[in-house]
1. Which one, Asp149, Asp94, Asp79, has the greatest fluctuation when you compute a Gaussian network model over the chain with C-alpha springs under 10 angstrom?
2. How would Ile39, Ile150 line up from fewest to most surrounding beta-carbon atoms within 10 angstrom?
3. Run the simple label-point estimate for Met1 and Asn82 please: 7 Å along Cα→C-beta, distance reported in nm.
4. Could you tell me which trypsin sites (Lys or Arg not before Pro) in region 73-163 are loop residues by DSSP with no more than 11 other beta carbons within 10 angstrom of their beta carbon?
5. Return the single residue from Gly55, Gly116, Gly139 with maximal mean-square fluctuation; model: Gaussian network over the chain, springs between Cα atoms under 10 Å.
6. Can you give me the Rg/Rh ratio for region 23-71, using Cα atoms for both radii and the Kirkwood formula for Rh?
7. Where the convex hull is taken over the Cα atoms of the chain, what is its projected area averaged over directions, in nm²?
Amino acid sequence: MILNKIKKKFYQHRCESVAKSHGNNFKVNGESYVTPNTILGNNVNFNGMKIQGKGNVSIGDNFHSGIECMIITSIHNYDNGNAIPYDNTVISKDVIIEDNVWLGNRVTILPGVRIGEGAIIQAGSVVVKDVEKYAIAGGHPAEVFKYRDIDHYEKLKKEKRFH
């Protein structure tokens, strides 16, 4: 129990020290890594997040991740490079996650993706393209299969009822 508390404090400190910025009420509850190009909003909760690559990552307010989630912002040049399977060129693209997004366990987000406000990504999904606001998406690759009740969502948002 004491070891878990020490680990949480270590992960929290490491993320706060490395991130470009973080808002109020930032919590790290599991092994997590960020990059110096990471901007975190208020009430961001990591339960196991690994951010890697040279691209920028912007995560809005009231974000929650499940365990073992990953955001990747850089890929290898496999198409136009001078070696196979890829060369030493790194292609970086930004990832933007808007407010009130929830990622289930083991979600992977690939470079260049934008996840809209209020979206939910189902556990085990690989997000390869943008997800609209209020959408619920899942699978490999993640596809939208449902939308939140927007009226209810907006009511809770107006009342500032955030977890």
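FYI, it's all coordinate maths here, none of it is from the lab. Remember, predicted model here, so these are calculated numbers, not experimental data. For neighbour counting, all protein chains shown are included, and Cβ atoms are generated from backbone atoms with ideal geometry for every residue, glycine included.
1. Among Asp149, Asp94, Asp79, the largest mean-square fluctuation in the Gaussian network model of the chain belongs to Asp79.
2. Listed from fewest to most nearby Cβ atoms, that is Ile150, Ile39.
3. 6.1
4. Lys160, Arg161
5. Top of the fluctuation ranking is Gly139.
6. 0.92
7. 10.5
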